[in-house]
Amino acid sequence: MAKADHTGQGLLFAGARSRRVKRNGRRQNAETVLMRACLDWLALHPGIVPMAWRNNSGLALLRKGGVLKLAPIGSPDIVGFLADGRFLGVECKLPGEEPTEEQAEFLGLIQRSGGVALVVHTVDELAADLVRITGKGDSRVR
């Protein structure tokens with residue numbers, strides 16, 4: 001089972017000025033660190049979200065040449081399913097940032113299709129939103 005590591009997460013994103021932070025001795029994009037923390041929380045709450053994964057969009061260049069098309073532009077950072085079967089899309093943004101026009105359109109499509117689309121700036125926000133929407137669990141991040 002995955003072990004969540006949210007130590008200092010709230011402080012990291014509340015005052016983050018730089019988009020790059022150090023984690024485990026490596027520099028990473030702060031939004032990527034937030035997304036990983038959200039995935040960790042989701043992995044620890046299978047009664048709310050039995051399955052969720054990182055969703056890479058755009059294009060990938062293959063080593064032997066060629067291009068692999070990934071998920072559509074604007075699709076959320078995290079996708080999965082709630083325990084009740086609804087599709088889940090989570091867009092992770094740093095405080096003060098909002099989704100791009102393409103991301104907002106994709107999130108709207110998810111909602112119009114009966115799914116749950118969230119924009120979160122912290123793990124606490126993700127937890128609170130999912131507990132509110134599903135009525136399951138405890139929104140406190142441990």
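Each of Phe81, Phe106 has some number of other Cβ atoms within 10 Å of its Cβ, and from fewest to most they run Phe81, Phe106. If R0 is 35 Å, the Cβ-Cβ spacing of Lys64 and Arg132 corresponds to a FRET efficiency of close to 0.15.
Taking 0.36 nm per residue of separation and subtracting the Cα-Cα distance, full extension of the segment from Asn56 to Arg112 would add 17.9 nm. In terms of other Cβ atoms within 10 Å, Ser113, Ser57 run from fewest to most in the order Ser113, Ser57. The alpha carbon gyration tensor of segment 79-142 gives principal lengths a ≥ b ≥ c with a/c of 1.5 or higher and a/b no greater than b/c, which makes the shape oblate.
The ranking of Lys69, Lys93 from fewest to most other beta carbons within 10 Å of each one's beta carbon is Lys69, Lys93.
No value in this document is a laboratory result; all are computed from the given coordinates. None of these values were measured; they are calculated from a predicted model. When we count neighbours, we look across all protein chains shown, and the Cβ atoms used for this are built from the backbone with ideal geometry, even at glycine.
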